[in-house]
Amino acid sequence: MRTAAAMPCRLLSTALEAKTTTTKTAKVETLGLAAPLTKRHAGVSVLGCAIAMVAVGGCAQGIGQLFAALVVGMARNPSMKEDLFTYTLIGMGFLEFLAIVVILIAGLLLYSE
């Protein structure tokens with residue numbers, strides 16, 4: 001014999017089972033990465049990924065300018081080269097973090113629906 005607390009759970013689960021069985025008889029469409037390319041709009045996702053990857057080139061340009069500024073700063077004031085190098089490494093860490101985030105977002109755009 002079932003308790004009163006177990007009855008709503010049983011009713012809820014039977015309603016869910018009935019709902020899933022009716023959808024199983026209907027036409028099943030595959031979604032996600034297994035979907036055909038015409039269903040996923042793959043060209044749009046690749047285009048979004050490519051546009052996002054442009055920012056990685058900006059990060060590379062930023063690292064180049066950072067080290068160019070380091071060389072100029074060391075040429076102007078050689079006694080501060082340790083401090084300038086420390087600041088350069090901190091800036092490079094920020095730029096590398098930005099590049100990693102951009103790559104993750106590009107991958108998200110590539111495999112999103």
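Bear in mind these aren't lab numbers, they're just calculated from the coordinates by the rules spelled out. Owing to the predicted nature of the structure, the values given are computational and were not obtained by experimental measurement. Glycine gets a Cβ as well: all are built from the backbone with ideal geometry, and neighbour counts include every protein chain shown.
A few remarks follow.
- In this simple spin-label approximation, M92 and Q65 carry label points 7 Å from Cα along the Cα→Cβ vector, and these lie 1.8 nm apart.
- Anisotropy class of region 44-113 from Cα gyration tensor, a/c 1.5 cut: prolate
- Length gained on full extension, V46 to I103, computed as 0.36 nm times the residue gap minus the Cα-Cα distance: 19.2 nm.
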